[in-house]
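Below is one structure; the comments refer to it alone.
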Ligand code: FES
Ligand code: FES
């Protein structure tokens, strides 16, 4: 099938097999390896990307879903060589250990901050509750998101 959508601020026109998920499209079709495969069953949140500003689980959603939408992956957080404040906060606060969950965590946080620029700690924890960290680094992750919220 043919697909046209906006990917990280740029128009993208490509082909994909009908059965591909968004994760297949990003990694196998477009070579964007920042979005990670974790469980493949919609449980861990590692594959989280944004579609029209909303977090989706790329392993569960068919690639056809992106047609006409605005997709943002971790590669799209940086703009003109400048890191997104969420990326800076994660780095400065030590919120990434092995880093495998980090792209999905940052995009879940981005979605939250787009909707609610000043979340409480409870709201941050709730927004990230579907994203699992195998390194159990939740405290620093929450601190990083709150630091971004506090800087606005
Ligand atoms: S890989 Fe998609 S939710 Fe786990
Ligand atoms: S930093 Fe290792 S899984 Fe979260």
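Listed by first and then second residue, the pairs linking a residue in region 87-104 that is on the phi > 0 side of the Ramachandran plot to a residue that is more than 6 Å from ligand 2 (Cβ to nearest atom), with Cβ atoms under 8 Å apart and 6 or more places separating them unless they lie on different chains, are 94/140. Apart from one condition, residue 144 fits all of (1) within 15 Å of the chain's Cα centre (by Cα); (2) within 15 Å of ligand 2 (Cβ to nearest atom); (3) not in a loop (DSSP other than H, G, I, E, B); the exception is (1). Pairs only if they're at least six apart or on different chains, beta carbon under 9 angstrom, first in region 50-68 and free of Cβ contacts under 8 Å to residues at least 24 places away in the same chain, second within 16 Å of ligand 2 (Cβ to nearest atom) and assigned to a helix (DSSP H, G or I); list them, first residue then second. Hits for this filter: 57/104. Against the list (1) within 16 Å of ligand 1 (Cβ to nearest atom); (2) in contact with a helix residue (DSSP H, G or I) (Cβ under 8 Å, 6 or more places away or on another chain), the condition residue 99 fails is (2).
Scoring residue 66 on the criteria (1) crowded, with 20+ Cβ neighbours inside 10 Å; (2) within 22 Å of residue 135 (Cβ to Cβ) leaves a single failure, condition (2). Out of all the residues in region 76-85, is one or more on the phi < 0 side of the Ramachandran plot, within 16 Å of ligand 1 (Cβ to nearest atom) and touching a strand residue (DSSP E or B) at 6+ places or on another chain (Cβ under 8 Å)? There is no residue in region 76-85 that is on the phi < 0 side of the Ramachandran plot, within 16 Å of ligand 1 (Cβ to nearest atom) and touching a strand residue (DSSP E or B) at 6+ places or on another chain (Cβ under 8 Å). Sub-6 Å Cβ pairs linking a first residue in region 127-151 that is closer than 13 Å to residue 98 by Cα and in the same structural domain as residue 97 (by TED's automatic domain parsing) to a second residue that is part of a helix (DSSP H, G or I) and at pLDDT below 95, at least 6 apart or interchain, number zero. Looking only at residues in region 15-48 that are over 16 Å from residue 72 (Cα atoms), in contact (Cβ under 8 Å) with a residue 12 or more places away in the chain and more than 10 Å from ligand 1 (Cβ to nearest atom), the one that is nearest to the chain's Cα centre (by Cα) is 20.
The values are calculated or read from the model by the stated rules, or taken from the named source; none is laboratory data. Please read all numbers here as calculations on a predicted model, not as lab measurements. FYI the Cβ positions are ideal-geometry reconstructions off the backbone, even for glycines, and counts take in every protein chain you see.
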